[in-house]
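Below: one structure, written as structure tokens.
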Amino acid sequence: MQQEYHGVGGAPGILIGRVFVHLPSFTTTPAAHAEPPDADPAATLARFGQAQSTAARNLEQLAERLHAGGHSDEAGIFEAQAMLAEDPTLTELVQAQLEAGQPLAAAVQTAATQMHAMLAALDDPYLSERAADMLAVGKAIHAVLYPSGSPLHDLPPDTVIVAPDLTPAETTELYERKLAVAFVTAHGGNTGHTAILARSLGLPAVVGVGEAVLQLANDTPVIVDGHTHTVIVNPAPATLATYQQQRTNQAAAQAYYATLRDLPGQFADGHRVGLWANIGRPDDAAQARAHGAEGIGLFRTEFLFLERTTAPSEDEQYAAYRETLQIMAGRTVIIRTLDIGGDKPLPYLHVAPEANPFLGVRGLRLCMQHTDLFQAQLRAILRAAQHGDVWIMLPMVALPSDITWAREQLQQAAATLQAQGVAHRADVPLGIMIETPAAAVTVDVLARASDFFSIGTNDLSQYTLAVDRGQAELSARYPHDTLPVLRLIQQAVQAARQAGKHIGVCGELGGVPELGPLLAGMGVHELSMSPALIPPMKARLRELTYAEAHAAALHALAG
Ligand code: PEP
Ligand code: MG
């Protein structure tokens, strides 16, 4: 009989398959637990030390593979685990267990569980999150000591792995084997690493469905619906038919998107609109290309500066920009200079407390106070410019004098490189974000100083509607596509086109399926969005003519 389980979260996607129950790796090697205690605890501890190093190395290699595949955030999980694997507290706890006469396998499990409990009890949310990592690390070391072959190695396609929980390493292993699999966990939350990983790796999953699911027999027919966080066991024929249809539709859409990957963004009548990507790190550029991005419309460089204790050096930045340009192979890359302040503070950069940080020393204004930082970034970009088509974009511009100041800085950066005999290019376009209403209504004037424009609808909406972009309740009541914002956009686009300057949109509005075509219908040259949004937008534009999109834009602008 059909039976349903509901989870607390998951990762989108549908898989129709059969159950495989996977129990935690600590208990998959009963022989190890039956091992008698070692006569020589010192020798056993040395064996454990070697296993720690091997496990750390394995985890680092996993991180490197994820970096190479463009999954840097996920790689960070394993970098942190690699460090935990060699944590001296863990070694001390294992030593105490061995000296108390425990066999090694049990000592590892006990020590990892003790460290898990210690971390989980801490008040610090960051450290308590590391508690789950500690168990994963224990399992990784255990697997080095007692290699049993992963039960996840020989799964047939269309398997639904049902487990108490999966470690991030197990989740990644499933992804790397590129099989059509999904998983269901009894424990775990929607913001746990396993669920986050599944979402970004594209594995359908439902997490936190409760212990009862572990009683399912292997090979039971099952449907995993990651969209609704539902697991349907022994589906009735009608349910099965519905899901088969949904899966076919999904697969057809993906197959169609794949055929568009190397085609340009354009309307049905051939009118072109660039579909570019927003990125935060060089790795994202690989994702952007995989999704058919024709350029990078916004490289948010502040991500290179966050989550560290010091600013990246000029050389580090140069390497990151060069890598991005190399991945984009001649396509335009718009690098935005540091946009710190507002909701993105930097721990190592002192900014005096402000009553309204979004109206304060933010973006370019912060760079005006930290010219050393700005100069290093500009020099890094000018050096990287030898490797591709780079444009420099300034955030938070309100007045022409902002651009004049930045252009002088750019000339100074080029002069320094020239004097030092460092290879670079000086003729790089310098443009601005249109994200203050001040800039939006003076594009004709700003065009005398700015080589190009990109509309930052996230901030433009917040400053136009006087609604903090982080305020969920108000944001819902004052959507970004309201008439005042659309009229400002229209005014900016017309002025930029009249001045013969490129104008794009890099705020979130451009990636919204119904609004991207509308903005393109106003005449923007390019829409820049999260890489994953590009394929459906490419498909959508090809369903409409420019005249239709233009008419829709006029209709919206009439109010
Ligand atoms: C914007 O404001 O629309 C924008 C793209 O910049 P950010 O979201 O980084 O502020
Ligand atoms: Mg902005």
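The values are calculated or read from the model by the stated rules, or taken from the named source; none is laboratory data. Small disclaimer: the values here were computed from a predicted structure and weren't measured. Using ideal geometry, Cβ is built from the backbone for each residue, glycine included, and neighbour counts are taken over all protein chains shown. Calculation scope for accessible area: heavy atoms of the full protein, side chains included, ligands and nucleic acids excluded. Shrake-Rupley method; radii C 1.70, N 1.55, O 1.52, S 1.80 Å.
Please find the FRET efficiency linking residue 313 to residue 514, where r is the Cβ-Cβ separation and R0 is fixed at 30 Å, and quote it to the nearest 0.05. Using R0 = 30 Å, I get an efficiency of 0.10.
This model, with +1 at the C-beta of Lys and Arg and -1 at the C-beta of Asp and Glu, gives region 419-492 a dipole about its Cα centre of some 60 debye. Here the spin labels are modelled as points 7 Å beyond Cα on the Cα-Cβ line, and at residue 425 and residue 404 they lie 2.9 nm apart. Helix content alone sets the calculated 222 nm mean residue ellipticity of the chain: runs of n ≥ 4 DSSP H residues at -39500 (n - 2.57) each, divided across all residues, give -15500 deg cm²/dmol.
The mean accessible area for residues of the chain, using a 1.4 Å probe and ignoring ligands and nucleic acids, is 43 Å² per residue.
Phi-derived couplings, Karplus 6.51 cos²θ - 1.76 cosθ + 1.60 at θ = phi - 60°, listed residue by residue for region 269-284: 8, x, 5, 8, 9, x, 10, 10, 10, 9, 9, x, 8, x, 4, 4 Hz, with x used for Gly and Pro. Taking label positions 7 Å along the Cα-Cβ direction at both residue 448 and residue 478, the computed distance is 3.2 nm, reported to one decimal.
For region 272-558, place one equal point scatterer on every Cα, skip the solvent, and apply the Debye formula. What is log10 of I(q)/I(0) at q = 0.11, 0.12, 0.16 Å⁻¹? Log10 of I(q)/I(0), two decimals: -0.61, -0.73, -1.33. Taking only the C-alpha atoms of region 41-145, Rg followed by Dmax gives 13.9, 46 Å.
Please report, as a whole percent, how much of the solvent-accessible surface of the chain comes from carbon and sulfur atoms (probe radius 1.4 Å).
56 percent
If you model the chain as an ellipsoid using its alpha carbon gyration tensor, with each semi-axis the square root of five times an eigenvalue, the axes come out at 47, 31, 20 Å, biggest first. Less than 5 angstrom separates the built amide H of residue 274 from those of 526, 527, all sequence-distant by 5 or more or on a different chain. Only one residue of 267, 254, 282 has its Cα farthest out toward the positive end of the dipole of region 232-288, where Lys and Arg carry +1 and Asp and Glu -1 on Cβ, and that residue is 254. Rounded to the nearest 0.05, the FRET efficiency derived from the C-beta distance between residue 173 and residue 79 at R0 = 22 Å is 0.80. Taking amide H atoms as placed 1.01 Å from N in the peptide plane, the amide H of residue 346 lies under 5 Å from those of 341, each 5 or more residues away in sequence or on another chain.
Residues whose amide H falls under 5 Å from that of residue 332, counting only those 5 or more places apart or on a different chain, are 296, with hydrogens built in the peptide plane. Excluding residues fewer than 8 places away in the same chain, name every one of the lysines whose C-alpha is closer than 30 Å to that of residue 538. Within reach: 178, 501. Along region 52-61 the Karplus relation, 6.51 cos²θ - 1.76 cosθ + 1.60 evaluated at θ = phi - 60°, assigns HN-Hα couplings of 4, 5, 5, 4, 4, 5, 4, 5, 5, 5 Hz to successive residues, with x for each Gly and Pro. Shown in residue order for region 205-220 are the 3J(HN,Hα) couplings computed by the Karplus curve 6.51 cos²θ - 1.76 cosθ + 1.60 at θ = phi - 60°: 7, 10, 10, x, 8, x, 4, 4, 5, 6, 7, 4, 7, 4, 6, 5 Hz (x for Gly and Pro). Averaging the sequence gap over all C-alpha pairs within less than 8 Å and six or more residues apart, then dividing by the number of residues, gives the chain a relative contact order of 14 percent. The trypsin sites (Lys or Arg not before Pro) of region 407-492 that DSSP puts in a loop, and whose beta carbon has at most 14 other beta carbons within 10 Å, are 448.
Considering every alpha-carbon pair of region 406-559, the percent of pairs per 5 Å bin, from zero through the bin containing the longest distance, is 2, 9, 17, 18, 18, 14, 9, 6, 4, 2, 1, 0. Against the compact-protein benchmark of 2.2 N^0.38 Å, the Cα-based radius of gyration of region 485-533 scales to 1.08.
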